[in-house]
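Student: Before I ask anything, here is the structure I am working with.
The values are calculated or read from the model by the stated rules, or taken from the named source; none is laboratory data. Quantities reported herein were computed from a predicted structural model and do not represent experimental measurements. Cβ placement follows ideal geometry from the backbone for every residue including glycine, while neighbour counts extend to all protein chains displayed. Heavy atoms of the whole protein, side chains included, go into the accessibility calculation; ligands, DNA and RNA do not. Shrake-Rupley method; radii C 1.70, N 1.55, O 1.52, S 1.80 Å.
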Number of protein chains: 2
Amino acid sequence: MSSSLFANSAFSHSTTNNVSLQSKTPFRNFLTLSIKKHYYSYANTLCIRCSINNIQRPEYIPSKISDPKYVRIFDTTLRDGEQSPGATMSTKQKLEVARQLAKLGVDIIEAGFPASSDADFEAVKLIAEEIGNDEQGYLGHVPVICGLSRCNKRDIDKAWGAVKYAKKPRIHTFIATSEIHMKYKLKMSKDEVVEKATSMVAYARSLGCDDVEFSPEDAGRSDREFLYHILGEAIKAGATTLNIPDTVGYTVPSEFGQLIADIKANTPGIENVIISTHCQNDLGLSTANTLAGACAGARQLEVTINGIGERAGNASLEEVVMALKCRGEQVLGGLYTGINTQHIIPSSKMVEEYTGLQVQPHKAIVGANAFAHESGIHQDGMLKHKDTYEIVSPEDIGLRRSNEAGIVLGKLSGRHALKSKMLELGYDIDGKELEDFFWRFKSVAEKKKKVTDDDLIALMSDEVLQPQVVWRLGDVQITCGSLGLSTATVKLINTDGQEHIACSVGTGPVDAAYKAVDLIVKVPITLLEYSMNAVTEGIDAIASTKVSIRGEDEHTVMNGSTGQTLHRTFSGTGADMDVVMSSVRAYIGALNKMLSFEKLVSRYDKPEDSVVV
Amino acid sequence: MSSSLFANSAFSHSTTNNVSLQSKTPFRNFLTLSIKKHYYSYANTLCIRCSINNIQRPEYIPSKISDPKYVRIFDTTLRDGEQSPGATMSTKQKLEVARQLAKLGVDIIEAGFPASSDADFEAVKLIAEEIGNDEQGYLGHVPVICGLSRCNKRDIDKAWGAVKYAKKPRIHTFIATSEIHMKYKLKMSKDEVVEKATSMVAYARSLGCDDVEFSPEDAGRSDREFLYHILGEAIKAGATTLNIPDTVGYTVPSEFGQLIADIKANTPGIENVIISTHCQNDLGLSTANTLAGACAGARQLEVTINGIGERAGNASLEEVVMALKCRGEQVLGGLYTGINTQHIIPSSKMVEEYTGLQVQPHKAIVGANAFAHESGIHQDGMLKHKDTYEIVSPEDIGLRRSNEAGIVLGKLSGRHALKSKMLELGYDIDGKELEDFFWRFKSVAEKKKKVTDDDLIALMSDEVLQPQVVWRLGDVQITCGSLGLSTATVKLINTDGQEHIACSVGTGPVDAAYKAVDLIVKVPITLLEYSMNAVTEGIDAIASTKVSIRGEDEHTVMNGSTGQTLHRTFSGTGADMDVVMSSVRAYIGALNKMLSFEKLVSRYDKPEDSVVV
């Protein structure tokens, strides 16, 4: 491993840098000035930022960002992750996730693919405005806000239109470079692909975006010489980060490491930019491939919380970060990140809750069983020496056992205690939201002795972070069992306050209740997935239900990585101590998400050139 | 990578081999004859077996087992996997899993830890008798049946007592070799550990077991020179496979590969045995570490289905096998396994169902979304060229989409059609089991147009593969909803045919029903986990519920890898179109498992030296 990567570039232009030290936004000005002839390194420019900001945020890791061993974490949970089947999040939920990512200390947040739908555009814009300017994150850190775009002007315009409100905006543009993709998907020659890539990178820069990332899609299967060529041209055109995706999750660590090393050795101008990895997990090797990429010279790693993403997902943030934290010093060339690992568990839970993509119990780092060996009866020696089996301590990643949690709320707790607790959990609610949430909390606290942190997060997700309400749940009444026909009566209330009541029989209580809802809502729906989990131990636990549905109308959306058009599916979450109520709440949540998406999509113009890429 | 490993040893004793070619059980006799002075390679002995058996099973891969590029798959789902919290399987379920593993073509099945409980002993013995002698597996393949034991005589006696019924029995014994474990857990000096290990390996051989595997626990953190020494001594004592566990899931691929390479280079006598890997997944690197081990010379890989196991689990069979299948030729030194990959999905589903350990949707290879990109609307070019995104085809791993499934059963299907279908799915049922299952199937088929393969597997798990029945579910009647108190009435029937009825109120229908069950069963229980999933799409899907419970009595069990004593938890599965019925069935299943375990445990003598290891 060459640890001297970027070391020279980071310090070699110190005289030039003096110019920008006077500027309020040195990073942008500096690069804008030099766009025609020089392509200074990103590491270099960040180094300048940090030397300016060091006084205000003395502890923040970016003081070390010029350090050749500092590895940037680029989180794409909101873009690649959200495109998993059923993982659609509401705008409110996306904003909460982005806020959590800022607390986690993520360097770059890929907030979405603004050209894919108006809903995505609005979410990215909101995140750029709120999170991209908020210095209240981890030690005053303001993350870069990035928007994805294919290589065409319309996409790039949309991306810039959304991210430009952030203090540090970035456009990420991509085009496929493997033979198979160029031939069958793009139907373009190599020269045409190079021309498209470079002209669009330059176009992004010309809009005033000084931070442009370029990805050659399916790099893992691309011709090596062609890859060096197109990457070199992208650098000349103004790209500041080059991202190397293993799009089909095909490579093994030694191979992917070699790819990064070869790119580093053979691409003209590579010393002035950051190399990035983006590894899919199709063979279960994404974490190892990502680390191999870092050891070979990548200084940005693209990951998602819980490793979610299309197919088998991406490298997971928690695994990559904890591997670097636990073994970086010893066996990974001293590399390190700026992540505040104590926010890992809260982030993982939030993303699991909002996307409905469950984390398996044996998932590394964040699975329910990852630390479960501790619950056994330890022999004397074991208790005293946790190191015998433990390499990551639960505290390091923000895992608190229920008996260690601070205040546990009960039915006597008031609004103030609830508000403090929610703040501690990362949710800042006020006014009507707090009032509604308080009454919801009270109804649970009446039935359950202790209301735990996990209970509150589940209720929060059900009560506050729902999409725009089209239908609100009134009452439900059920009769069921093995002896007779299950019957449900449901009352729903629309936005005008009108009450609608319907009853239906079914094969079980949930089936009956869903059919009663269908009779009222009158929209054809296919139920794709239905799952339920108890939030905590015990018979009096809250049941959290997740459903995903698909409407009959084609809610299509473009897939960011592949340009494919996909059916959009909608997930909903419900939380209640009654499994049937929880199920009905989840169903109505998903319905509301679908119905409000329809409104947004109706305003959405199809891109002219959507066939090309 | 040295691909010549074992090549010499596999063929160098051809004259000696002639002796055993005459013998009915050449493998055992051959090794027994040579035990005092020579320690011939395992590869060698297997080579003899195969040359004898080639005529009967011409296609079976072990004809290539002397091939230095052949990698053995050692599955420990039934031992390491089953020790995950809540994953306890009934003996019937274990037998079904073992049968499935044989179909999959697994080389070695670690069937359990016979000394840990009488239940485990019985299960291992049954598997040894039935699966360990059954030539009806994949192309006539009979797997090795292995039992785990700590390094003490009692454990080894128990293990041999259970596995000796198999055609190819193996004892796997282990002792910790890292400083931290020897000091705090074993409280033994290095010399004492070496003496214990070698005397116990020799003891296992002295019982007539010619196939002995030895594992230095926590090898990843053990002193290197000490490791070479103890491994060399274990070989001298008669070990035929040396397994190198990364017990704390601590190493990175380059490091673990180097460990295997160093062991191969420095351990005296290593050329005569098989090196094995056993990688935990704490940092998400187990698959990569396992492959690195193989590339460095390991020719046995220890894995589990779905990667289950303690904490973050083990390397998963499907990932390791598919990586070798997809990339072995190109980048993994031409290594290959004898696994029939078309049984991967059925195996994964069976283990998920029986253990209650859900596979996350984005799990590599076997997750629900792993191939989900196919469901989108593909552009023309994409449809014609699946290779653009697909590296593993669904057919390769036995994944059939519902519209491709062969016969789909409906309400007019008879017993014969059901029996054929179940055989096709891998379940051979007859007599009363078939009759009971048929009526269960009919009750579902009345309500659901198409009964899919997944539905049948869920019903099978609920109806046929339950533990010994202590309580049987009669009827259930429920009233619930947001308007009143939820009330449940439950009728249970005990083994004497007596009916017990109780009613209870609760916070919801499941809570009320579980409380009514508790009133009848009168055993204090803590509900640890509760989850439910729809088996297929659609509102008329079967809901499959999994619960895990813990009794108030301490159902303790020894942890195979660590020697720790753990609370035993019990899982139950229920399947019904009514979510409440499904929930009650699961609860009663878990209760029955716990109550029948109590009976077995009462006969179990605690080991004398359980404190030592």
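Student: What is the spin-label model distance, in nm, from B:W439 to B:K183 if the labels are put 7 Å beyond Cα along the C-beta direction?
Tutor: Those two pseudo-labels are separated by 6.5 nm.
Student: Hey, any idea what % of the range A:72-355's accessible area is carbon plus sulfur with a 1.4 Å probe?
Tutor: 48 percent
Student: Just to confirm the numbers: A:K190, label point 7 angstrom along the Cα-Cβ line, distances to the other copies in nm, shortest first?
Tutor: So the label point of A:K190 gives 5.8 nm to the other copies.
Student: Name the trypsin sites (Lys or Arg not before Pro) in the range B:151-213 that are in a loop by DSSP and that have at most 13 other C-beta atoms within 10 Å, would you? Working shown, then result.
Tutor: Numbers: sites: B:K153, B:R154, B:K158, B:K164, B:K167, B:R170, B:K183, B:K185, B:K187, B:K190, B:K196, B:R205; in loops: B:K164, B:K167, B:K187.
Of the trypsin sites (Lys or Arg not before Pro), the ones in loops of the range B:151-213 whose Cβ has at most 13 other Cβ atoms within 10 Å are B:K187.
Student: Follow-up. In whole Hz, what ³J(HN,Hα) sequence does the range B:303-313 give by Karplus (6.51, -1.76, 1.60; θ = phi - 60°), x for Gly and Pro?
Tutor: 9, 9, 5, 6, x, 6, x, 4, 6, 8, x
Student: State, in angstrom, two size descriptors of the range A:82-207 derived from its alpha carbons: Rg to one decimal place and Dmax to the nearest whole number.
Tutor: Just the Cα atoms of the range A:82-207 yield Rg and Dmax of 15.8, 48 Å.
Student: May I ask which residue of A:M594, A:A488, A:G574 lies farthest towards the positive end of the charge dipole of the range A:471-600, with charges of +1 (Lys, Arg) and -1 (Asp, Glu) on Cβ and the Cα centre as origin?
Tutor: A:M594
Student: Whole number please: convex hull volume per residue of the Cα set in the range B:72-355, in Å³? Each step should come with its number before you reach the end.
Tutor: Values: hull volume 32.2 nm³, N = 284.
About 113 Å³ per residue, rounded to a whole number.
Student: Tell me, what HN-Hα J-couplings in whole Hz come from the Karplus equation 6.51 cos²θ - 1.76 cosθ + 1.60 at θ = phi - 60° for each residue of the range A:319-332, using x for Gly and Pro?
Tutor: Per-residue couplings from phi come out as 6, 4, 5, 6, 5, 5, 5, 7, 10, x, 4, 7, 10, 10 Hz.
Student: Taking a label point 7 Å out from Cα toward Cβ, give me the nm distances from A:G334 to the same spot in the other copies, shortest first, one decimal.
Tutor: 4.1
Student: Using a simple charge model, +1 on the beta-carbon of Lys and Arg, -1 on the beta-carbon of Asp and Glu, nothing else, what dipole does the range B:428-539 show about its Cα centre, in debye to the nearest 20?
Tutor: On the way: 11 positive and 18 negative charges, 97 e Å.
So the magnitude is around 460 debye.
Student: Placing unit charges on C-beta atoms (Lys and Arg positive, Asp and Glu negative, everything else neutral), compute the dipole magnitude of the range B:471-600 about its Cα centre in debye, rounded to 20.
Tutor: Values: 10 positive and 14 negative charges, 48 e Å.
For the range B:471-600, the charge dipole is close to 240 debye.
Student: Go through the range B:403-454 and name the trypsin sites (Lys or Arg not before Pro) that are in a DSSP coil and have 10 or fewer other Cβ atoms within 10 Å of their Cβ.
Tutor: Numbers: sites: B:K411, B:R415, B:K419, B:K421, B:K432, B:R440, B:K442, B:K447, B:K448, B:K449, B:K450; in loops: B:K411, B:K447, B:K448, B:K449, B:K450.
Sites meeting the loop and neighbour criteria: B:K449.
Student: With θ set to phi - 60° and the Karplus curve 6.51 cos²θ - 1.76 cosθ + 1.60, what are the ³J(HN,Hα) couplings of the range A:183-188 in order, to the nearest whole Hz, using x for Gly and Pro?
Tutor: 6, 8, 8, 7, 6, 10
Student: While we're looking at this one, here's another question. How high is the relative contact order of the range A:72-355, in percent, counting Cα pairs under 8 Å that sit 6 or more residues apart? Mind showing how you got there, number by number?
Tutor: Values: 638 pairs, mean separation 54.4, N = 284.
Value for the range A:72-355: 19 percent.
Student: As an exercise, find the ratio Rg/Rh for the range A:269-327 from alpha-carbon atoms, using the Kirkwood inverse-distance average for Rh. Write down the numbers at each step before the final one.
Tutor: Working: Rg = 11.5 Å, Rh = 11.5 Å.
That ratio is 1.00, to two decimals.
Student: Amide H of B:D246: which non-local residues (sequence gap of 5 or more, or other chain) have their own amide H closer than 5 Å, using H built in the peptide plane?
Tutor: The answer is B:H278, B:C279, B:Q280.
Student: Taking the range A:226-278, which chymotrypsin sites (Phe, Trp or Tyr not before Pro) meet the DSSP loop condition and have no more than 13 other C-beta atoms within 10 Å?
Tutor: Details: sites: A:F226, A:Y228, A:Y250, A:F256; in loops: A:Y250.
The qualifying sites: there are none.
Student: Further, regarding this structure: Along the three principal axes, how long is the range B:161-218 when you take its alpha carbons, biggest first, rounded to the nearest angstrom?
Tutor: Each principal axis gives a Cα extent; for the range B:161-218 these are 39, 18, 14 Å.
Student: Over the Cα atoms of the range B:471-600, what Rg and Dmax result, in angstrom?
Tutor: Cα radius of gyration and Dmax of the range B:471-600 are 15.8, 52 Å respectively.
Student: Also, I was wondering about something else. PRE reach from B:V469 (point 7 Å along Cα→Cβ): which of the range B:426-449 fall under 14 Å by backbone N?
Tutor: B:432-441
Student: Next question, about the same structure. I'd like the per residue volume of the convex hull spanned by the Cα atoms of the range A:232-383, given in cubic angstrom. List each step's numbers first, then the result.
Tutor: Working: hull volume 21.7 nm³, N = 152.
Enclosed volume per residue, from the Cα hull, is 143 Å³.
Student: Something else about it: Starting from the Cα gyration tensor of the range A:442-531, take the square roots of the eigenvalues, sort them a ≥ b ≥ c, and report rounded, prolate or oblate (rounded when a/c is under 1.5, otherwise prolate if a/b is larger than b/c, else oblate).
Tutor: Values: a/c = 1.80, a/b = 1.28, b/c = 1.40.
In terms of gyration-tensor shape, oblate.
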